[in-house]
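Below is one structure, written out as structure tokens; the observations come after it.
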Amino acid sequence: MKVEGLAAIVTGGASGLGGATAAHLAGLGAKVTIFDLNTDVGEAYAAKIGGRFAHVDVTDEAGVSKAIEDAEAVNGKARILVNCAGIAPPKKVIDRDGAPIPLADFTKLVNINLIGSFNVLSKFAARIHDADSIGDERGVVISTSSVAAYEGQIGQAAYAASKAGVAGMTLPIAREFARYGIRVMTIAPGLFLTPLLEGLPQEAQDSLGKQVPFPNRLGKPDEYAMLVESIIANPMLNGETIRLDGAIRMAPK
């Protein structure tokens with residue numbers, strides 16, 4: 001599937017991995033709509049890359065459906081969806097005094113990272129499952145997991161569970177969507193220079209980067225976007241989670 005001329009949706013597209021992906025797809029000629037909660041940053045970024053912005057909570061069923069329909073009215077049916085919206089606040093299961101984590105904290109993270117990804121991809125697929133095919137396929141879904149799905153660190157119980165869920169649903173959904181010609185893939189990034197890490201001192205960034213065997217540095221968001229492009233272009237990539245991590249294996253903490 002060629003990107004040029006296709007409508008695309010990128011959740012969490014105002015910054016970080018999503019921002020790099022939105023810019024990359026727009027540069028390849030896609031008609032990009034950014035879904036994000038950060039209106040000021042999102043609108044400015046969308047204008048910069050020549051895309052659209054929609055204020056979207058990925059856990060809101062009605063809001064996601066309307067945003068997809070509104071984007072379709074302007075750009076045509078979206079054939080590319082990249083799920084990058086997510087949060088990653090660390091929290092241990094029990095605190096220093098032995099009190100358990102509030103269940104709402106665990107639930108919030110799973111709702112955004114896992115259920116939010118499912119919510120958007122299900123609404124996206126429903127809009128294109130009977131659309132005209134482009135060659136042999138109708139569309140591509142790419143979601144974002146994490147190496148934490150495999151080597152979650154202390155304090156990442158909720159995050160690791162949510163990202164493992166994203167990886168775990170990839171194959172069954174790809175199998176279900178095969179009849180519609182919709183491919184489903186997931187990328188599991190390692191340590192990338194996203195806004196979360198950009199806020200750390202340079203010394204801390206360098207220390208984290210040295211944990212990556214090769215290249216011996218933090219990943220660049222553009223490198224995530226490059227893999228998105230490759231997945232869209234290659235029709236045999238389906239039902240799989242690809243680690244994008246420089247061969248890192250995370251330590252317990």
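Observations on the model:
- Inter-part distance where segment 29-53 and segment 111-180 are each reduced to a Cα centre, Å: 22 Å
- Helix 39-49 vs. the chain, principal-axis angle (Cα, 0 to 90°, nearest 10): 60 degrees
- Neighbour net charge for LYS253 - beta-carbon separation under 13 angstrom, K R +1, D E -1: 0
- Unit charges on C-beta of K, R, D, E only; dipole of the chain, Debye: 420 debye
- Two-decimal ratio, the chain, of alpha-carbon radius of gyration to 2.2 N^0.38 Å: 0.98
- For segment 145-253, the spread of Cα positions along each principal axis, largest first, Å: 50, 29, 22
- Here SER15, SER117 are placed in order of increasing Cβ neighbour count within 10 Å, fewest first, which gives SER15, SER117.
- Dividing the radius of gyration of the alpha carbons in segment 20-72 by their Kirkwood radius gives 0.97 for Rg/Rh.
- Compared with the dominant principal axis of the Cα atoms in the chain, helix 116-128 is inclined by about 10°.
- Degrees, to the nearest 10: 221-233 long Cα axis against longest axis of the chain: 40 degrees
- Listed residues VAL74, PRO221, ILE94: farthest to the positive end of the dipole of the chain (Cβ charges): ILE94
- Normalising the average separation of contacting C-alpha pairs (under 8 angstrom, six or more residues apart) by the number of residues puts the relative contact order of segment 146-224 at 22 percent.
- Per-residue ellipticity at 222 nm, computed for the chain from helices alone with -39500 (n - 2.57) per DSSP H run of at least four residues, works out to -13000 deg cm²/dmol.
Bear in mind these aren't lab numbers, they're just calculated from the coordinates by the rules spelled out. Since the model is a prediction, treat every value here as computed from it, not as a measurement. As a convention, Cβ positions derive from the backbone with ideal geometry for all residues, glycine included, and neighbour counts pool all protein chains shown.
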